[in-house]
Amino acid sequence: MVRIFFERFAPLLRFTGNAIMEENKVPSDTNPELPEELHQAIVNLHTPPIPVPAHLDRLILSAAHVRLTRRKRAVRALGWGSIAAAAVLLITVARFSFIDKPSTPQVAIVGDVNGDGRVDILDAFVVARGIAHHEKLPQTWDVNGDGVVDQKDVDLLAQMAVTVSKGPKR
Amino acid sequence: MKLRRVAILICAMVAACLISAGPTEVVALQSPRFEAIGVYIDPHGKPLAAYQFELVAEQGDVTLVGIQGGDHPAYSDPPYYDTHALLADRIVVAAFNTGSDLPANRTRIATLMVRVGGNIEPKYNARLQVAASSDAKPIAADISVEGVNP
């Protein structure tokens with residue numbers, strides 16, 4: 001189809017080309033082949049003019065290899081550094097959160113029998129359960145300080161648990 | 001005779017004034033009433049050996065006048081509470097039972113008697129502070145408040 005197109009329109013194109021050449025006063029060339037010099041110049045344009053020696057190639061390759069290896073090492077070192085930093089941070093947090101806790105002076109809350117940090121009905125319940133089961137109860141559970149751990153301590157603990165802090169009535 | 005006419009005229013004027021005024025608006029001030037509030041705990045199948053909750057009256061003129069026990073035999077006795085809280089708008093109530101017959105499903109664990117004044121409908125907010133099993137370990141439980149017939 002392309003050939004048909006060119007066969008049909010070749011005379012027209014030739015005529016147009018001649019007309020333009022005439023107009024621009026360019027001498028027409030009847031030879032459709034490229035001049036030899038131009039052809040050679042185009043060929044030389046895509047041919048490396050200087051051949052690269054093999055040892056230079058090797059040098060370039062080795063230099064590139066060294067550079068890439070260095071970068072790879074840097075990336076790897078950065079990864080290990082991040083892991084090490086995270087580990088140090090974790091150890092520090094753990095140290096301050098857990099290890100140092102027992103060494104800090106703890107204030108004993110009066111009535112906190114089960115040691116959960118507050119006085120609530122569970123403290124009274126623990127003492128009452130110990131009394132009901134006839135267990136040997138620690139003297140620290142003697143909240144009212146009368147020398148014995150009994151129902152009075154249970155009642156006192158329960159009252160402490162439900163005591164509402166005084167505030168203004170709405 | 002003249003005096004009688006004047007008297008009739010005055011009476012007619014007064015009657016006309018009373019008729020034209022129409023029915024008088026009466027502002028009904030609601031007298032204080034007493035209500036019973038049931039507090040329910042659902043321990044979701046685990047025996048409830050101890051509980052502690054805080055009840056706050058968020059709106060309304062509410063005065064706590066008394067506390068009774070709940071439905072289950074383990075909590076039928078009045079629970080522990082601060083008697084000073086009867087005059088406040090919040091109260092902490094707690095109880096425990098060291099026995100083995102304990103409620104494991106939703107049950108009324110306390111009944112609060114309150115005096116409500118004014119026209120604002122009271123609104124309560126109960127917060128469960130402690131719910132524990134027989135081994136004194138905390139258990140998951142829900143608390144709710146409902147009006148009950150005393």
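Taking B:A141, is it within 21 Å of A:V119 (Cα to Cα), more than 9 Å from every other protein chain (Cβ to nearest Cβ) and of a type outside the set (S, T, N, Q)? Judged against the criteria, B:A141 is a match. On inspection, B:H44 does not qualify as surrounded by fewer than 17 Cβ atoms within 10 Å (Cβ to Cβ) and in a helix (DSSP H, G or I). Taking the conditions (1) of a type in the set (G, A, S); (2) on the phi > 0 side of the Ramachandran plot; (3) without any contact (Cβ under 8 Å) to a residue 24 or more places away in the chain in turn, B:A85 satisfies each one other than (2). Being farther than 17 Å from B:A36 by Cα, touching a helix residue (DSSP H, G or I) at 6+ places or on another chain (Cβ under 7 Å) and within 13 Å of chain A (Cβ to nearest Cβ) holds for only one residue in B:L128, B:L102, and it is B:L102.
Looking only at residues in segment B:80-98 that are more than 8 Å from every other protein chain (Cβ to nearest Cβ) and modelled with pLDDT under 95, which one is farthest from B:A132 (Cα to Cα)? Ranking the candidates gives B:L86 first. Are any of the residues in segment B:116-136 free of Cβ contacts under 8 Å to residues at least 60 places away in the same chain and either of a type in the set (V, I, T) or at positive phi (or both)? No: segment B:116-136 contains no residue that is free of Cβ contacts under 8 Å to residues at least 60 places away in the same chain and either of a type in the set (V, I, T) or at positive phi (or both). Mind checking which residues of segment A:113-133 are at the interface with chain B (Cβ under 9 Å from one of its Cβ atoms) and under 15 Å from B:N97 (Cβ atoms)? Within segment A:113-133, A:I121, A:L122, A:A124, A:F125, A:V126, A:A128, A:R129, A:I131, A:A132, A:H133 meet the criteria. Selection of segment B:31-74 for residues being within 30 Å of B:S100 (Cβ to Cβ) and at pLDDT below 90 yields only B:G66.
The values are calculated or read from the model by the stated rules, or taken from the named source; none is laboratory data. The model shown is predicted, which means the values in this text are computed figures rather than measured ones. Neighbour counts are summed over all protein chains in view; Cβ atoms, including those assigned to glycine, are modelled from backbone coordinates with ideal geometry.
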